Amino acid sequence: MAESFRSSTSPCQTSSRALAEAMQRHLFFSQAKSPSLATRHDHYRCLALAVRDRLLHNWVDTAETYTQAQVRTAVYLSAEYLLGPHLDNNLVNLGLRQEAEQACHELGLDLEELIREEPEPGLGNGGLGRLAACFQESMATLELPAIGYGIRYEFGIFRQQITTQGQQESTDSWLAQGNPWEVIRPEWSYPVTIGNHTVIGVAYDTPILGYGVRTTNTLRLWAASAPEALDFASFNAGDYTKAVLHKMQSETLSKVLYPNDEPEQGKRLRLSQQIFFVSCSLQDMFRILRGQGLPAREFHRKFAVQLNDTHPAIAVAELMRLLLDEHRLDWDTAWGVTTASLSYTNHTLLPEALETWGIDLFQQLLPRQLEIIYEINARFLRMARIRYPGQPDKLARLSLIEEGPHRKVRMANLAVVGCHHTNGVAELHSELLRRHVLADFAELWPDRFTNVTNGVTPRRWMAVANPALANLLDDVIGSHWRRDLTHLQALGKHTGDDAFLQRWRGVRDASKQRLVQHIHQTQGILLDHSSLFDVQVKRIHEYKRQHLAALHVVERYLRLRNGEDLPPRTVIFGGKAAPGYAMAKLIIRLIVGIAEIVNMDPAMAGRLRVVFVPNFSVSLGQLIYPAVDLSEQISTAGKEASGTGNMKMALNGALTIGTLDGANIEIRDQVGADNFFLFGHTAEQIHEFDRMGYHPMPWIEKDPIVREVIELIGSGHFSEGDRDLFHPLLANLTSHDPFKVMADIGDYRQAQNHVDACWQDPSRWARMSVANTMGCGFFSSDRSIQEYAERIWKVAPVPVEATTRSL
Ligand code: B1H
């Protein structure tokens, strides 16, 4: 019995019977309920707790192994982790999926239903947060000693409702019914002083399971609480309520995730969140170091710390502060330790997204850290001045401080100066960082700059999301692709096999039917699964150009109304707009308006459907990505750092229509240009437009179709006669068009026509689809993490020994 808990290496020994019994025990001992009163959520919790029991040995053994072996550890600092639900993923990674299905069956329950009960931890905005989650899972699978640190937001990314008015936001209370996957560690809590306030960060640990290995790493998220003892002592009895209010104030620190993807927002609370989680994490690392009997000056030998964008870049100053003030090192030693420990990943080229903090705010909240930043800057500029005599402009660009009426700290500059490596997330992005955004630094320190192209985990994004495809792959190329995604290349032997192609199409069709059913149940819209599913799901942003796809839909509508014969299409959009981003919300409103008219027009029946799927999330991604025929990756070239949804779709057999932007370029290289619908100006051409002065009007004038589309939208056709509603959007497109929609729309149309032609030949399309999956082995986050581990962190795998006694 006890042996059966050693599940990951010998899953079959954990019988479904034992799992069912464990669920029954948890219903009584954890949920305190009889079966007659149990809700579906109770059953979900019972299964989650029973699964947790089975991973605990691995988790405890992992910590024990790392402690005993004094291993070098990768530390990931990220303000966001978009984890998605744990249950199904943990079952797959433990090899318990079938047992759980059987156990549920024995209890008269439906596993799929229980899986859907889990509220997902949406502790991130989009790609950046999801990347952090994929990376955690890959580090565990590769048996790398690693810790992820972040913030335990009580409210994750807002819930999105879609009405005829567009996007409506509400709160995401993901913790309302408790969280069976976390363990609170009150014994590991640390004070952080911000202004004249001290907050306490308390650790909450979540296990991160590797696939098919014992390694179970820890994601440690900090929750803010008030230093009660201190506080209550400082208030006299009469001020009791005030003391409680103060406590509440402290707790607001980890209350909510900021919902702005990209444009920088200089909010006091946000800077407080950053120092809060960074300081707690660094203090925790010093505690671990001490526990191993190592002195502070050895910090960089024990830890390789990756900064996920500039959100944790304050770590440069905070690590210096701890080394100088708490551990009493001299400046040069402390600086050596700091720069040998930290490395920085940049995720964006948008200048408006580069974080800066006003000096005044910084001075108020973090005076000591600001003092340290000034000293870092003084020493850095002294060196740079020698290198670049008589070039004050260059020095001004390099400075950590932006001068002017409102002086600011530039967090990206701080990160580059304080880190041994800076990387971009796709080849083009890294190249543009070196050539434009960080050119002065790249000239100064060429060897510090590198690229690590993003990836996604094949466990969640294939094995969990697309079990039918996973089965087919197992049959045809064996099951090893889960650990080494380059095995997908072996599909090459089967592209001429009609029986295989037939099965391939069957799998894809089933995924589309699954999505059709979901949309029918949740939105009451019935889609045709045999039509081409044309999908754009991602945050709504002008640079991602959902409006380009929307204009194309209107064009198809006009062409169909004119009697043209186009193959049936279903155009699916999804994604959240930052609540304060008016233009993004207007784009949603436009899509909703178009959908309303198109879907009720009898002339469109069987030919065109438009759907906006509300509240796009990891769970919805798992449902949608496998059902995509055409993946829309249509950002203005040079704007999307990488993209990762593009990888998830191609991996699951979608064909991409895309620009030469971010990782699209590498996807096209891998899957072959013939299997990719390319369009649009290159990053270089877009750059030229900006240099020479761009105007959309000449493009519009030579394109009668686009004029008709714009006129139709302007006439109120999609806004119940309201001619003003979309004016800001249309005026923007016709006067400035900052994202060059008009320059690319003609080429986009041609690429779409080519899509239609290919779709008419189903077996050709199936072969192109296989070629996409086949070529995507490179885009595993295992490969990304291997590159970080070898080239940047110098961290090696440490297999976990079974050390704890059987219970
Ligand atoms: C990405 C962000 C981001 N880049 C600020 N930058 C945020 C910036 O809340 N904030 O303040 C949140 C997120 N996110 C994305 O990172 C890129 O746009 C994608 O192209 C890339 O694939 C992803 C992962 O590298």
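Taken together, the values in this text are just the output of simple stated rules run on the coordinates, not laboratory data. These numbers come from a predicted model, not from an experiment. In this analysis, Cβ positions are derived from the backbone assuming ideal geometry, glycine residues included, and neighbour counts consider all displayed protein chains.
With a/c under 1.5 counting as rounded, go ahead and sort segment 77-166 into rounded, prolate or oblate using the C-alpha gyration tensor (a ≥ b ≥ c being the square roots of the eigenvalues; past the cut-off, prolate if a/b is larger than b/c, else oblate). Note, shape of segment 77-166 comes out oblate. Take 123-129, 172-178, 680-686, 615-621 and order them by the average number of nearby Cβ atoms within 10 Å per residue, most first; the result is 123-129, 615-621, 680-686, 172-178. Shape class of segment 509-774 from the alpha-carbon gyration tensor: rounded, with the ratio a/c of largest to smallest axis under 1.5.
Look at where the Cα atoms of segment 694-756 and of segment 533-590 average out, and the two centres are 12 Å apart. Sparsely packed loop sites in segment 716-807 (the GluC sites (Glu not before Pro) outside DSSP H, G, I, E and B with at most 12 other Cβ atoms within 10 Å) comprise GLU720.
For the chain, treating each Cα as an identical point scatterer without solvent, what Debye log10 I(q)/I(0) comes out at q = 0.09, 0.10 1/Å? Summing over Cα pairs of the chain leads to -0.90, -1.12.
For ASN753 and ARG185, a Förster radius of 60 Å and the Cβ-Cβ distance give a FRET efficiency of 0.55, rounded to the nearest 0.05.
Lysines within cross-link reach of LYS512: Cα-Cα under 17 Å, excluding same-chain residues under 8 positions apart? Result set, ordered by chain and number: LYS648. Would any residue of segment 595-626 have its amide N under 20 Å from a label point 7 Å out along Cα→Cβ of LEU558? List them or say none. In segment 595-626, the label zone of LEU558 (backbone N under 20 Å from the point 7 Å along Cα→Cβ) covers 595-605, 607-610.
Spin-label pair ARG328-ASP239: with each label point 7 Å from Cα along the Cα-Cβ axis, the two points sit 3.4 nm from one another. Report note on the peptides 298-308, 42-52: ranked by the mean count of other C-beta atoms within 10 Å, highest first, their order is 42-52, 298-308. The Cα atoms of segment 133-185 cover 49, 24, 16 Å along the three principal axes, with the biggest extent listed first.
Shown here for segment 320-401: trypsin sites (Lys or Arg not before Pro) in loop regions (DSSP other than H, G, I, E, B) with at most 11 other Cβ atoms within 10 Å, namely ARG328. Among the DSSP helices (H) of the chain, those spanning at least 18 angstrom by Cα along their long axis with an average Kyte-Doolittle hydropathy of 1.0 or more are 582-600; this is a geometric and hydropathy rule only. Here, segment 141-268 yields an orientationally averaged convex hull projection of 12.4 nm² when only Cα atoms define the hull. One equal scatterer on each Cα of segment 436-573, no solvent, Debye formula: the resulting log10 I(q)/I(0) at q = 0.14, 0.18 Å⁻¹ is -0.96, -1.16. For segment 518-667, the square roots of the Cα gyration tensor eigenvalues, ordered a ≥ b ≥ c, give a/c below 1.5, which places it in the rounded category. Label-to-label distance for GLU443 and SER735 is 3.7 nm, based on points extended 7 Å past Cα in the beta-carbon direction. Each of ASP498 and HIS480 was given a label point 7 Å from its Cα along the Cα-to-Cβ line. The distance between the two points is 3.2 nm.
From most to least packed by mean Cβ count within 10 Å, the peptides 313-319, 777-783 give 313-319, 777-783.
For the pair segment 345-392 and segment 481-498, the centres of their Cα atoms are 49 angstrom apart.
Calculated on C-alpha atoms, the gyration radius of segment 753-807 divided by its Kirkwood radius gives an Rg/Rh of 1.38.
Bridge orientation summary for the chain: considering DSSP beta bridges with both residues in this region, about 40 percent are antiparallel. In the chain, the calculated helix contribution to ellipticity at 222 nm averages -14000 deg cm²/dmol per residue, counting -39,500 (n - 2.57) for every DSSP H run with n ≥ 4.
Across all directions, the average projected area of the convex hull around the alpha carbons of segment 223-322 is 8.3 nm². All alpha carbon pair distances within segment 442-492 were sorted into 5 Å bins beginning at 0; the resulting P(r) in whole percents reads 5, 17, 23, 17, 8, 6, 7, 7, 7, 4, 0.
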